[in-house]
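Heads up, the thing below is written out as C-alpha cells.
The values are calculated or read from the model by the stated rules, or taken from the named source; none is laboratory data. Computed from a predicted model, the values in this text were never measured in an experiment. Neighbour counts run over all protein chains shown; Cβ positions are idealised from the backbone, glycine included.
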Amino acid sequence: MFVSVQDCAAAAFDELNAEQRAAVTHRGGPLLVLAGAGTGKTTTLCSRVAWLVAEGAMPQGLLLLTFTRRAAREMVARAGALLGSNTAGTVAGGTFHSTAHQLVRVHAAALGLPPNFGVLDPSDACDLLDLLREERGLAERRSRFPRKGTLLDIYSRCVNAQQPLSEVVAASFPWCEEHVEELVALFRLYGERKRELALLDLDDLLLYWHALAHDEVLGAQMDAMFEHILVDEYQDLNALQVEIVRRLRTERRELTVVGDDAQAIYGFRSASAEHILNFPDHYPDATVVTLEHNYRSTQPILDLANEVAAGATRFYPKRLRADREGGSRPQLVFCVDQSAQAHEVCLRVLDAYEQGTALREQAVLMRAGHHSDLLELELSRRKIPYVKYGGIRYLDAAHVKDFLSLLRLTDNPADQLAWFRILQLLEGVGPVTARRALDTLDLDSLDNTAQLAERWLAVEQLLKEPARQGAVRLISALTWSAEQPTVGPRVERLRDALAPLIRNHYKDGATRLRDLDELTRAAAEAHSLSIFLAELALDPPSSTAALAGPPDLDDDYLILSTVHSAKGLEWDAVHVIAASDGNFPSDMALTTPEGLEEERRLFYVALTRARHTLSIYVPLRYYHQPHARTDTHGYGNQSRFLTNAAEALCDRIDLPTDRHDWTTTNLVTTETVTVDLTDLWH
DNA sequence: TTCTCGAGCAAGCAC
DNA sequence: TGCTCGAGAA
C-alpha cells in the first residue's frame, strides 16, 4: 500500500496542540519558538523538519543546528520516522562546531589552510598557550601571570563574545588587568603558532565559518545553499554564533529558532540570554510562538518552577501549565549536614525503588560535581549502582592525551606538540632532551615518514639506554602504520608500542591501559584517523563508558548528574542536593548580577527535570571541603531561591538533628579505627 | 638533567 | 582534593 509523505506527516500533526501546530506549519520569514521546559520542544522541531520536507523542501537544503551531536542525530531520525521514510537522513545537522568543521574542510583552500589541518581540543590549546607563556618568560611565579586555563578562558571569551580584550579583562578577569599588553602579544603569537602548525582550536572553527559567511561570494553561496535554517537552544548561543546565523540569512528569511530564555545556563561559555530576548529586534519580521503546555511534570512541581522563574529580572512572560491532573507537592528536606543528606537520599531512592520506580528513573542533581562526594561513598557502601555524568573529563587524563598525541603523529609527523609530549614519556627524557630531539628532527623540513626514520637515527644518539628501546619501538610502529591503509591495525600497533611506556610512566599504568583499549576500539571503527581525532575534539566522550556505547538495558542504576549535564533530560523522581546558599547558587557566581540570574535559571532547569516527585535537600551544616583536616564548619542557609513564597509551595520536612542512624554510623567507624590502631602497636 | 617530594593554591558548568 | 611549581637528591 502506498502511503505518501504528506499522509504520514499529517497523521503525526494531529497529535500536536494548537501552539505547536502554529510553530510547525509557520510559513515565510523568521520564527521564534519560545518553548518552556517539557513543552514538547523536540517534537515540535522534528515535526517542523518533517513538515518542511512534506511541503517540498529538499532535505539537503535544511540546516539543523543543535547543542550536541547526539541531539542532531536523534532529531533527524525522528523527523525521518515522521515522514515514514529516510529522506530526512540527508538533512545537514550537528553542532555549530561540527558544522563549521565540515565547511572549513570543504573551503580549506579558500581560507589558506592546508587540507589536513588538525583540531586542537581545549586541553591541547591550553598546553600550547602554556608553552608560549614559557617561551616568552611569563611563567615566573612572582609576576602572577594568569595560568594556562585562565589564558584560554580569556582568549575564548574575546572570540566568542566578540569583545575586545581590554573589555573582557576589565569585566570578567579584573585581576589580570596589569597584564593586558602581554596578553595581546601572547594571543597574537598563539594565532601565528597555530597557523604554522596547521592547527585550529574550537574557537577558530567558528571564526573561519564566520569569515566564510562574511565573504561576498562564498557567503551568498551558503545563504542560497541552505533553504531553511533551524537552530535549537538559541538561548545558549554566543555572539559569534548569532552573527554567523545572521550572515547566513541576508537574502533568505527562512529561519526557525527554538529556545527558552529561562533555561540559559551557558554564560560561562560566552552565551547570553540577551540574544533570544533581542531576537524580535534583530529580525523585525519575526513571528513569536510560545509553548506553555507542559507534558512532563505535575502542576505542584510547575508551580514551584514558575515561582522561581518569576524572580528573574528580565524574561519572556511564561507560565507552565501541566497536562496531567494531581501530583504531590515538592518536598523541602532540611538535614543536619551532608552525611545526613547522603543517608536520606539513599533511603528515599530505595523507598521509591521498592514502590516500583526503577533506579534509572531517578536522578540526583547537583550544582557542582563534588557535591555528591559523600553521597557516592554512601551509595557504594550500600551497593546501590549509579552512573555519574559530568565531572572529570576523560580526554583530560594524561595517558589519554599521550595516546592521542601518538595517533596525531601518524597523521602529521610534523606535529611538534605531540612529539614533545611523547618524547617525555621515555625514561630519562625531560623537557631539555625532548627539545634537543625536536631540533635534531627539524620537523619543519620534514616531508614524509620515511625521512623521519632516517633522522631518527641521529636522535637515538641523544638517548640513554632505557629510553632507546621504547623509542625504537615507537618509531617502527609509526613508520609501519604510516603505510597501512586500514585504521584498525594501525591503532592497535601504536597502542602496543605505547603500552610499556604507559606502564612505566604511571604508577597505575595497568588501569590506565584499559582506557586505551576502549579508545582503540572506537578509533578502529572510524574511516579516517584524522576525522576521528577531530570529531573526538568536537564531541568529547564524558567517560570511557560513553565510548563503549550505552550500558546494557538490563542494568539498573541511579543517575547522578550536574544540572548542566541534565539539561534536556527528565526522570520520574528528582533529588536536588546541596540547595544551600553558597553551593546553589554557587558563591563564585555571585560577583555579578548576571551571575546570580544564571544560577536562578540553573535552579529552574533542575526543578523542571522532575515528572512525579521532586525533593530538594538543604544541608544546614557543611564542612569546609578544602581543609578537611581541621573540623571547621559553617552554617549554611537554604538557597536564596527558596523564598518564603517558594517554600509555601513545598512540604517542609525537618530531619531530627540528633539522628539515631547518624550516631550509630559514627560508632561503627570508631570501632574499626580502634581495631586498626591496636594492630599498629604490634 | 631528571625525578621525587612537599608546599601552596585554586576550585565549576563544557563545544 | 588534585594540580603545579620549586627545592634538593640521584
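Among residues of segment A:273-286 being within 20 Å of A:Y604 (Cβ to Cβ) and aliphatic (A, V, I, L, M), the one that is farthest from DNA strand B (Cβ to nearest atom) is A:L277. Sub-9 Å Cβ pairs linking a first residue in segment A:410-422 that is under 12 Å from A:T449 (Cβ atoms) to a second residue that is surrounded by 18 or more Cβ atoms within 10 Å (Cβ to Cβ) and among the small types (G, A, S), at least 6 apart or interchain, are A:T410/A:A477; A:T410/A:S481; A:D411/A:G118; A:D411/A:S530; A:N412/A:G118; A:N412/A:A418; A:N412/A:S530, ordered by first then second residue. Scanning segment A:256-272 for residues that are away from DNA strand B (no atom under 13 Å from the Cβ) and in a strand (DSSP E or B) turns up A:T256, A:V257, A:V258, A:G259.
From the residues in segment A:343-383 that are hydroxyl-bearing (S, T, Y) and assigned to a helix (DSSP H, G or I), which one is nearest to DNA strand C (Cβ to nearest atom)? Lay out the reasoning, then the answer.
Within segment A:343-383, the first condition is being hydroxyl-bearing (S, T, Y), and the residues that meet it are A:353, A:357, A:372, A:380.
Of the ones still in play, those that are also assigned to a helix (DSSP H, G or I) are A:353, A:372, A:380.
Values: A:Y353: 29, A:S372: 13, A:S380: 15 Å.
Looking at residues that are hydroxyl-bearing (S, T, Y) and assigned to a helix (DSSP H, G or I), I get A:S372.
Residue count for segment A:466-481 under the criterion of being buried (at least 16 other Cβ atoms within 10 Å of the Cβ), without any contact (Cβ under 8 Å) to a residue 40 or more places away in the chain and either hydrophobic (A, V, I, L, M, F, W, C) or farther than 20 Å from A:N412 by Cα (or both): the result is 4.
Table: residues versus (1) in contact with an Asp or Glu (Cβ under 7 Å, 6 or more places away or on another chain); (2) within 16 Å of DNA strand B (Cβ to nearest atom).
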residue: A:G191; (1), (2): no, no
residue: A:D223; (1), (2): yes, no
residue: A:F226; (1), (2): no, no
residue: A:V231; (1), (2): no, yes
residue: A:R247; (1), (2): no, no
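For segment A:102-120, the count of residues that are modelled with pLDDT under 85, closer than 30 Å to A:G61 by Cβ and more than 16 Å from DNA strand C (Cβ to nearest atom) is at least one.
Among the residues making up segment A:376-396, those that are within 14 Å of DNA strand B (Cβ to nearest atom) and touching a residue at least 40 places away in the same chain (Cβ under 8 Å) are A:E376, A:V387, A:K388, A:Y389, A:G390, A:G391, A:R393, A:Y394, A:L395, A:D396.
Only one entry of A:Q469, A:Q461 meets the criterion of being polar (S, T, N, Q), under 27 Å from A:L519 (Cβ atoms) and assigned to a helix (DSSP H, G or I), and that entry is A:Q469.
Per the conditions (1) in contact with a Pro (Cβ under 8 Å, 6 or more places away or on another chain); (2) part of a helix (DSSP H, G or I), the sole criterion not satisfied by A:R253 is (2).
Annotation note: of A:E376, A:E454, the sole residue that is out of contact with any helix residue (DSSP H, G or I) (no Cβ under 9 Å at 6 or more places or on another chain) and at negative phi is A:E454.
Out of all the residues in segment A:348-372, which are surrounded by fewer than 20 Cβ atoms within 10 Å (Cβ to Cβ), in contact (Cβ under 8 Å) with a residue 12 or more places away in the chain and farther than 20 Å from A:L655 by Cβ? Please lay out each step first, then the result.
Kept after step one, since they are surrounded by fewer than 20 Cβ atoms within 10 Å (Cβ to Cβ), are these residues of segment A:348-372: A:348, A:350-351, A:353-358, A:360-361, A:368-370.
From what's left, in contact (Cβ under 8 Å) with a residue 12 or more places away in the chain: A:348, A:350, A:357-358, A:360-361, A:368-370.
If the condition is that a residue be surrounded by fewer than 20 Cβ atoms within 10 Å (Cβ to Cβ), in contact (Cβ under 8 Å) with a residue 12 or more places away in the chain and farther than 20 Å from A:L655 by Cβ, then A:T357, A:A358, A:R360, A:E361, A:A368, A:G369, A:H370 are the ones that fit.
Looking across segment A:420-434 at every residue that is surrounded by fewer than 21 Cβ atoms within 10 Å (Cβ to Cβ), under 21 Å from A:E196 (Cβ atoms) and modelled with pLDDT of 85 or more, the one that is nearest to DNA strand B (Cβ to nearest atom) is identified as A:A434. Would you confirm, using the coordinates I've provided, whether A:L494 is more than 27 Å from the chain's Cα centre (by Cα) and under 23 Å from A:V119 (Cα atoms)? It is true that A:L494 is more than 27 Å from the chain's Cα centre (by Cα) and under 23 Å from A:V119 (Cα atoms).
Hey, among the residues in segment A:436-447 that are touching a residue at least 12 places away in the same chain (Cβ under 8 Å) and of a type outside the set (A, V, I, L, M, F, W, C), which one's nearest to DNA strand B (Cβ to nearest atom)? Write out each step before concluding.
Let us first name the residues in segment A:436-447 that are touching a residue at least 12 places away in the same chain (Cβ under 8 Å), namely A:436-438, A:440-444, A:446.
Then keep just the ones that are of a type outside the set (A, V, I, L, M, F, W, C); that gives A:436, A:440, A:442, A:444.
On the way: A:R436: 7, A:T440: 13, A:D442: 19, A:D444: 22 Å.
The qualifying residue nearest to DNA strand B (Cβ to nearest atom) is A:R436.
Screening segment A:297-307 for residues that are in contact (Cβ under 8 Å) with a residue 24 or more places away in the chain and surrounded by fewer than 24 Cβ atoms within 10 Å (Cβ to Cβ) and picking the one that is nearest to A:D261 (Cα to Cα) gives A:E307. In the condition set (1) more than 16 Å from DNA strand C (Cβ to nearest atom); (2) within 30 Å of A:Q424 (Cα to Cα); (3) not β-branched (V, I, T), A:A340 is compliant with all but (2).
Would you call A:L152 within 16 Å of DNA strand C (Cβ to nearest atom) and among the aliphatic types (A, V, I, L, M)?
On the way: within 16 Å of DNA strand C (Cβ to nearest atom): yes; among the aliphatic types (A, V, I, L, M): yes.
Considered against the rule, which asks whether it is within 16 Å of DNA strand C (Cβ to nearest atom) and among the aliphatic types (A, V, I, L, M), A:L152 comes out as yes.
Within segment A:379-404, being at pLDDT 85 or above, buried (at least 19 other Cβ atoms within 10 Å of the Cβ) and among the charged types (D, E, K, R) holds for one residue alone: A:D402.
In segment A:485-502, is there at least one residue being of a type in the set (S, T, Y) and part of a helix (DSSP H, G or I)? No, there is no match, as no residue in segment A:485-502 is of a type in the set (S, T, Y) and part of a helix (DSSP H, G or I).
Rundown of residues vs (1) among the basic types (K, R); (2) more than 22 Å from A:G582 (Cβ to Cβ); (3) touching a Ser or Thr at 6+ places or on another chain (Cβ under 9 Å), yes/no style:
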position	(1), (2), (3)
A:T313	no, no, no
A:P317	no, yes, yes
A:G326	no, yes, yes
A:V336	no, no, yes
A:E354	no, yes, no
A:H370	no, no, no
A:E376	no, no, no
A:K383	yes, yes, no
A:K401	yes, yes, yes
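Residue pairs whose Cβ atoms lie under 8 Å apart, sitting 6 or more positions apart in sequence or on different chains, and linking a residue in segment A:587-599 that is under 16 Å from A:Q263 (Cα atoms) and of a type in the set (G, A, S) to a partner that is away from DNA strand C (no atom under 16 Å from the Cβ) and in a helix (DSSP H, G or I), are A:G595/A:G267; A:G595/A:A589. Cβ separations smaller than 9 Å between residues 6+ apart or across chains give no pair from segment A:199-214 residues that are within 16 Å of DNA strand C (Cβ to nearest atom) to residues that are acidic (D, E).
The set of residues from segment A:145-156 being within 11 Å of DNA strand B (Cβ to nearest atom), over 16 Å from A:D121 (Cα atoms) and crowded, with 20+ Cβ neighbours inside 10 Å comprises just one member, A:P146. Just one of the listed residues (A:E177, A:E167) is more than 27 Å from A:A397 (Cα to Cα), modelled with pLDDT of 85 or more and either assigned to a helix (DSSP H, G or I) or within 16 Å of DNA strand B (Cβ to nearest atom) (or both), and it is A:E167.
Could you please let me know if A:L463 is on the phi < 0 side of the Ramachandran plot, surrounded by 20 or more Cβ atoms within 10 Å (Cβ to Cβ) and at pLDDT 85 or above?
Working: on the phi < 0 side of the Ramachandran plot: yes; surrounded by 20 or more Cβ atoms within 10 Å (Cβ to Cβ): yes; at pLDDT 85 or above: no.
Answer is no for this residue.
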